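The values are calculated or read from the model by the stated rules, or taken from the named source; none is laboratory data. Keep in mind that what you see is a predicted model, and the values were worked out from it rather than measured. Cβ sites come from the backbone with ideal geometry, for glycine too, and all protein chains shown count toward neighbours.
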Amino acid sequence: MADVLRRLGILDWIRFGLLGLGLLFVATGLLPVREAWSEMERIASILLFLAAVVVLADLVKEAGLFDAIATRLAMLGRGDHAALFLLCTAFASLVTIFLNLDTTAVLLTPVMLALAARTGIAALPLAMTTLWLANTASLLLPVSNLTNLLVVGRVGMSAREFAGRLWFPQLVAIAITMIFLWVFFWRRGRRGADRYVPPIPEPIADPVLFRTATGVCVLFIAAILLELPIQFAALAGAALMVAAFAWRDRAKLTFALVPWQLLIFVVALFLVVPTLSRHGLAALMGTLIGADTGDGAYRVAAAGAVLSNLIDNLPAYTALERVVPTDDREPLLALLIGTNVGPVITPWASLATLLWFEWCRRRGVRVPMRTFMLTGTVLVTVAVPATVAALLFTA
């Protein structure tokens, strides 16, 4: 037990502290038991999805699929940074859209950093590509972001309706992100080299696991397109991957696969934020948003972006969601834009960003904080209003 406690980091203690605070609110009556239970019922399917999709993505990575794709992308680029840039942004966007932002920020980041080490490519452009697109490419499908799942659950949109409403805003967000990624990190004066050395592909460690991972990913994407319940699609995919590893490489099946830190964090937030909303936070957020005078969608999105960078995007969304009317979907979708596209300024703006910084630290990649915050501010200042404009344009 002592060894387990010593392995806990500061973020783990913060998560436990939030959970303890939430349980204290319930025990003292600050959050009625009935309301707390209603919140848990609301997020039960989300928790199942999160647990399953993280296990699925982690085992797919262990099977070598992400590494193989990243290596082949670099080979396709043939040493040209512009071609590699287009391939990497497409890859990061697709992973975010179909496997959610945490997969991009947490699992794709080490793949890209390892690729940088093998090819001599500058690490920071690759790292920033995964982080920024983990946020800005997370609008299209319900599975792309936890906040999307909350919106779909609240307004009753199907996955097809959701994608049909947000495909153009998503294109705008990705296009603007690509422009600023190139200007700030990928252009010749920033990356420090004209060309890179394409890597030599490494042999697949276990072809059976590799083929299984490929098939499972294809089936998972097909389930999303067919609008099957995403939590069960993720659970089925995770179960298939667990079965494959139980047969081929049982040592990889450890308790560490279960994202208990993320699950604790989500449960804690859905106890703490409703309590604070009952005792003044909702009124404060209502004042922040103000009355709609024709620019309501822009103010809601701006409030979501600012609050996300102050307190993390998930509590920001849950706090603001309570004061945004649902009779018109636009304000709620604008809030989604603010909390999805906006959290790229501060290191704590999202859980994915915190974990991304940890990967960069482990790989020895220096991330200048001044550059990180200034470039993120420029991106948010342009991308959030432009994406909201695209949303309103297609209304």
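Taking segment 205-218 only, how many residues are in a helix (DSSP H, G or I), surrounded by 15 or more Cβ atoms within 10 Å (Cβ to Cβ) and not aromatic (Phe, Trp, Tyr)?
Looking only at segment 205-218, we keep the residues that are in a helix (DSSP H, G or I), and these are 207-218.
Next, only the ones that are surrounded by 15 or more Cβ atoms within 10 Å (Cβ to Cβ) stay: 209-210, 212-214, 216-217.
Narrowing further to those that are not aromatic (Phe, Trp, Tyr): 209, 212-214, 216-217.
Matching residues across segment 205-218 total 6.
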So in segment 225-238, with the set limited to residues that are of a type in the set (A, V, I, L, M, F, W, C) and crowded, with 22+ Cβ neighbours inside 10 Å, which one is nearest to Ser158 (Cα to Cα)?
Ile230
Where residues in segment 34-46 are surrounded by 15 or more Cβ atoms within 10 Å (Cβ to Cβ) and at pLDDT below 85, which of them is farthest from Gln231 (Cα to Cα)?
Glu39
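Does at least one position in segment 73-92 carry a residue that is modelled with pLDDT under 80, under 16 Å from the mean Cα position of the chain (by Cα) and closer than 30 Å to Phe162 by Cα? Steps first, please.
Initially, segment 73-92 is screened for residues modelled with pLDDT under 80, giving none.
Checked segment 73-92: no residue is modelled with pLDDT under 80, under 16 Å from the mean Cα position of the chain (by Cα) and closer than 30 Å to Phe162 by Cα.
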Scanning segment 211-235 residue by residue, those farther than 17 Å from Pro142 by Cα and touching a residue at least 40 places away in the same chain (Cβ under 8 Å) turn out to be Thr212, Ala213, Thr214, Val216
Residue satisfying all of: in segment 179-201; in a helix (DSSP H, G or I) and of a type in the set (Phe, Trp, Tyr); surrounded by the most Cβ atoms within 10 Å (Cβ to Cβ) among these
Trp186
Give me the pairs: first residue in segment 84-101 and without any contact (Cβ under 8 Å) to a residue 60 or more places away in the chain, second residue of a type in the set (Phe, Trp, Tyr), beta-carbon distance under 7 Å, and six or more apart or on different chains, which are they?
none
Any residue at all in segment 136-158 that's crowded, with 24+ Cβ neighbours inside 10 Å, at pLDDT 95 or above and in a helix (DSSP H, G or I)?
yes
Can you tell which of Leu31, Leu87, Leu115 is outside any helix (DSSP H, G or I) and either surrounded by 15 or more Cβ atoms within 10 Å (Cβ to Cβ) or of a type outside the set (A, V, I, L, M, F, W, C) (or both)?
Leu31
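Every residue, every condition in (1) aromatic (Phe, Trp, Tyr); (2) surrounded by 15 or more Cβ atoms within 10 Å (Cβ to Cβ); (3) touching a residue at least 60 places away in the same chain (Cβ under 8 Å); (4) farther than 30 Å from Val382 by Cβ, yes or no:
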residue	(1), (2), (3), (4)
Thr177	no, yes, yes, no
Pro203	no, no, no, yes
Trp247	yes, no, no, yes
Lys252	no, yes, yes, yes
Could you tell me whether segment 319-329 includes any residue that is buried (at least 24 other Cβ atoms within 10 Å of the Cβ), within 20 Å of Asn100 (Cα to Cα) and out of contact with any Lys or Arg (no Cβ under 6 Å at 6 or more places or on another chain)?
no
Please find, within segment 354-392, the residue that is surrounded by the most Cβ atoms within 10 Å (Cβ to Cβ) out of those that are within 18 Å of the chain's Cα centre (by Cα) and closer than 20 Å to Ala301 by Cα.
Thr387
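Which of the residues spanning segment 330-350 are among the hydrophobic types (A, V, I, L, M, F, W, C), surrounded by 24 or more Cβ atoms within 10 Å (Cβ to Cβ) and in a helix (DSSP H, G or I)?
Looking only at segment 330-350, we keep the residues that are among the hydrophobic types (A, V, I, L, M, F, W, C), and these are 332-337, 341, 344-345, 348-349.
Next, from what is left, pick out any that are surrounded by 24 or more Cβ atoms within 10 Å (Cβ to Cβ): 333-337, 341, 344, 349.
Answer for segment 330-350, where residues must be among the hydrophobic types (A, V, I, L, M, F, W, C), surrounded by 24 or more Cβ atoms within 10 Å (Cβ to Cβ) and in a helix (DSSP H, G or I): Leu333, Ala334, Leu335, Leu336, Ile337, Val341.
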